[in-house]
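Peer 1: Got a structure here, written out as structure tokens. Questions coming.
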Amino acid sequence: MTVLPITYIGDPVLRTPTRPVTRDELADAAMQRFIDDLIDTMRDAAGAGIAANQVGRSVRICAVEVGEATTRRYPYKPPIPLTVLVNPTLEYLGDDTYANNEGCLSVPDLRGDLRRHIRVVATAWDRHGNDLLTKVAGLTAGTYQHEVDHLDGIIFVDRVEDTRSFSTWDEFDRHHRSHFVERITKFVDDIGS
Ligand code: ZN
């Protein structure tokens, strides 16, 4: 297991759109090891997702997973099976959005409110270059949008419209968490994901 160092906001690699990878690059043993390390790093940090540029590598690859380690931190998040997205693109299904509250491994101790599309379709390759078409909704769709944003050089803070919603994790827990969890749990139940 290899945990890579995480890049933080201010590092230009997070502001640079990543480049797509070729099938040959993806098949290379070194790239496959990198994907293993990316997954190890995401799990070690208990993140719901991670993008390659969050560990300093400007390639269009991200991983998402909400497993046991993550649900201990965010019990309201529906599980997401481990999914590696290579060269992903997202298509929004309809204009419906919901208010989410997000944080980011690359933005230490900050959370904020932003809107995400409720339903998206991701087109990508899996880590072996097979075509992947995934339709996701709700918080899972929010996680997909957060990670693909990273690959485009966008950080969640860019999408926060009301900067007064920013809070540290402690202040979020103290003042906002119970209200957010109540609202988002109802939303997750309504949306079915
Ligand atoms: Zn992030």
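The values are calculated or read from the model by the stated rules, or taken from the named source; none is laboratory data. In this text the structure is predicted, and so the values were computed from the model without any measurement. Note that we place each Cβ from the backbone using ideal geometry, even for glycine, and neighbour counts take in every protein chain shown. To get the accessible areas, we keep the full protein, side chains included, count just its heavy atoms, and leave off ligands, DNA and RNA. Shrake-Rupley method; radii C 1.70, N 1.55, O 1.52, S 1.80 Å.
Peer 1: Let me spell it out: the conditions are (1) in a strand (DSSP E or B); (2) surrounded by fewer than 19 Cβ atoms within 10 Å (Cβ to Cβ); (3) β-branched (Val, Ile, Thr), and THR83 meets all of them except one. Which number is the exception?
Peer 2: (2)
Peer 1: Taking the condition of being at positive phi and more than 16 Å from the ligand (Cβ to nearest atom), how many residues in region 80-116 meet it? Steps first, answer last, please.
Peer 2: If we filter region 80-116 for residues that are at positive phi, which is where we start, we get 87, 94, 109.
After this cut, where a residue has to be more than 16 Å from the ligand (Cβ to nearest atom) as well, the list is 87, 94.
The qualifying residues number 2.
Peer 1: Okay, next question. From the list ARG127, ARG43, ARG60, pick out the single residue that is in contact with a Pro (Cβ under 6 Å, 6 or more places away or on another chain), open to solvent by 10 Å² or more (accessible area, probe 1.4 Å) and either within 16 Å of the ligand (Cβ to nearest atom) or touching a residue at least 60 places away in the same chain (Cβ under 8 Å) (or both).
Peer 2: None of the others qualify; the one that does is ARG60.
Peer 1: Kindly indicate the residue of region 167-179 that is surrounded by 15 or more Cβ atoms within 10 Å (Cβ to Cβ) and in contact with a Lys or Arg (Cβ under 9 Å, 6 or more places away or on another chain) and also nearest to ARG73 (Cα to Cα) among those meeting that condition. Give the steps one after another, and end with the answer.
Peer 2: Keep residues of region 167-179 that are surrounded by 15 or more Cβ atoms within 10 Å (Cβ to Cβ), which gives 167, 172, 176-177.
Those still in the list that are in contact with a Lys or Arg (Cβ under 9 Å, 6 or more places away or on another chain) too: 167, 172, 176.
Numbers: SER167: 17, PHE172: 13, HIS176: 16 Å.
This residue is PHE172.
Peer 1: Now a separate question. Name the residues in region 8-26 that are part of a helix (DSSP H, G or I), open to solvent by 50 Å² or more (accessible area, probe 1.4 Å) and in contact (Cβ under 8 Å) with a residue 40 or more places away in the chain, would you?
Peer 2: Result: ARG15, ARG23.
The rows are residues; the columns are (1) of a type outside the set (A, V, I, L, M, F, W, C); (2) touching a Lys or Arg at 6+ places or on another chain (Cβ under 9 Å); (3) closer than 23 Å to ALA141 by Cα.
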site	(1), (2), (3)
ALA27	no, no, no
ARG43	yes, no, yes
ARG57	yes, no, no
ARG60	yes, yes, yes
GLU65	yes, yes, yes
ARG72	yes, no, yes
PRO79	yes, no, yes
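Peer 1: Another question, if that's okay. Every residue in region 27-60 that is among the polar types (S, T, N, Q) and either part of a loop (DSSP other than H, G, I, E, B) or within 12 Å of ILE6 (Cβ to Cβ) (or both), please. Can you show your working first?
Peer 2: Looking only at region 27-60, we keep the residues that are among the polar types (S, T, N, Q), and these are 32, 41, 53-54, 58.
THR41, ASN53, GLN54, SER58, listed by residue number.
Peer 1: Out of VAL55, VAL66, which single residue is open to solvent by 20 Å² or more (accessible area, probe 1.4 Å) and within 16 Å of the ligand (Cβ to nearest atom)?
Peer 2: VAL55
Peer 1: Ok, one more. Could you tell me which numbered condition TYR144 fails, if it satisfies all but one of (1) surrounded by 21 or more Cβ atoms within 10 Å (Cβ to Cβ); (2) more than 24 Å from ALA52 (Cβ to Cβ)?
Peer 2: (2)
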